[in-house]
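A short write-up of the structure that comes next.
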Amino acid sequence: MIKDFDLLLLFEEMLLSEKLSSKNTIRAYKSDIKSYILFINKNYNFSILKVKTKHISSWLISLSDKSSNKNSYLRKLSSVKEFYRFLHADGLIDIDPSKEIEGPKKINNIPKVLSIKQIEEILENIKLMSEPNSIRLMALVELMYSTGMRVEELVSMPLNAINFNNNSIFIYGKGGRERIVPFGENALNALKKYMSVRPLFLNKKQNSNYMFPSSGKNGYLTSRRFSQLLKDIVAKSSFAHLSVSPHILRHTFATHMLSGGADLRVLQEILGHADISTVQIYTHIVDDRKKIALKSHPMENNMKF
């Protein structure tokens, strides 16, 4: 199970890459959510993934007892609600326990996605890196773009999760939910090439059950390290002004699948979402792109969207 503070790191990464939040805003979010996590861990001795609405209410009562500053109270509530919205949208929780608690109104942002040309440019730039790092990063990006896996599922993937005979991955996801996800030939070729250099990422005389081993304490490449490698590549691209994270690769996969005619229910299963409503947001992206494309039609002035 992902640790609570690792979830906070994933949330921070999303704020940086998708919402382009300022450093001060991110610092405030982290401070608020860190204190919330500590409260839950201390008072209930379980993960924030198991929290119910009543536990959040208990935390809010403790805030009221400590301070009469309404603005501080509302900001902390807003931070925690935003955090749980992220966890729910990414399929890490089935139900948002903060949804029933009224707070500052928040408009759901449609996820940012990359174009096919931008994906191709990322892959071309990876080829310019030195080996074996380029080979590993190519496998990571190709696999994520081909499957839409969550970043933590990808980096912590067991070595035996890959079936090279039928191009599929066995994913043991959140809450013990299992799924088998197929992947394409590009990802297969990238993985086969990576397997030839994988021993170079192992400590001497040490084996690892992880597909992407590391000498770090987790034993596998961290999501933060993967994110940094991806950002370094994007910084050399024609769209260097964009902040791109592994989460955006997942969003891009989903959007491109729908654009290609994939069934929404099938996509839900591939992404590992329990609730189809969390997948439907991608239909808005596709619809918006169709509207933009139709505006180039010579009679677009007579069209209503």
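Within region 219-239, being over 22 Å from residue 7 (Cβ atoms) and either polar (S, T, N, Q) or assigned to a helix (DSSP H, G or I) (or both) holds for 232, 233, 234, 237, 238. For residue 242, state whether it is aliphatic (A, V, I, L, M), in a loop (DSSP other than H, G, I, E, B), within 23 Å of the chain's Cα centre (by Cα) and surrounded by fewer than 21 Cβ atoms within 10 Å (Cβ to Cβ). In short, yes.
Reported count of residues in region 180-220, each being among the β-branched types (Val, Ile, Thr) and touching a residue at least 60 places away in the same chain (Cβ under 8 Å), is 2.
Quick check, is residue 199 surrounded by fewer than 20 Cβ atoms within 10 Å (Cβ to Cβ), farther than 30 Å from residue 21 by Cα and modelled with pLDDT of 90 or more?
yes
The combined condition, being β-branched (Val, Ile, Thr) and more than 21 Å from residue 253 (Cα to Cα), is fulfilled by residue 197. Applying the selection to region 220-239, what residues are at pLDDT 90 or above and either over 19 Å from the mean Cα position of the chain (by Cα) or basic (Lys, Arg) (or both)? Scanning region 220-239 gives 225, 231, 235, 236, 237, 238, 239.
Would you be able to say whether some residue in region 273-289 is modelled with pLDDT of 90 or more and touching a Gly at 6+ places or on another chain (Cβ under 6 Å)? Checked against the condition, which is being modelled with pLDDT of 90 or more and touching a Gly at 6+ places or on another chain (Cβ under 6 Å), region 273-289 yields no hits at all.
Residues in region 35-59 that are of a type outside the set (S, T, N, Q), closer than 15 Å to residue 84 by Cα and assigned to a helix (DSSP H, G or I): 36, 37, 40, 48, 49, 50, 54, 55, 56, 59.
Of all the residues in region 23-74, those that are more than 21 Å from residue 13 (Cβ to Cβ) and in contact (Cβ under 8 Å) with a residue 12 or more places away in the chain number 17. Confirm whether residue 58 is within 24 Å of residue 154 (Cβ to Cβ) and outside the structural domain of residue 243 (by TED's automatic domain parsing). Taking the combined requirement at face value, the residue does not satisfy it.
Of all residues assigned to region 141-151, none qualifies as being of a type in the set (S, T, N, Q), surrounded by fewer than 21 Cβ atoms within 10 Å (Cβ to Cβ) and at pLDDT 90 or above.
Among helices (runs of 4 or more DSSP H) entirely within region 110-174, having at least 3 residues that are more than 22 Å from residue 241 (Cα to Cα) singles out 133-147, 151-155.
The values are calculated or read from the model by the stated rules, or taken from the named source; none is laboratory data. As the structure is a prediction and not an experimental result, all values here were calculated from the model. Heads up, the Cβs are rebuilt from the backbone with ideal geometry, glycines too, and the neighbour counts pull from every protein chain shown.
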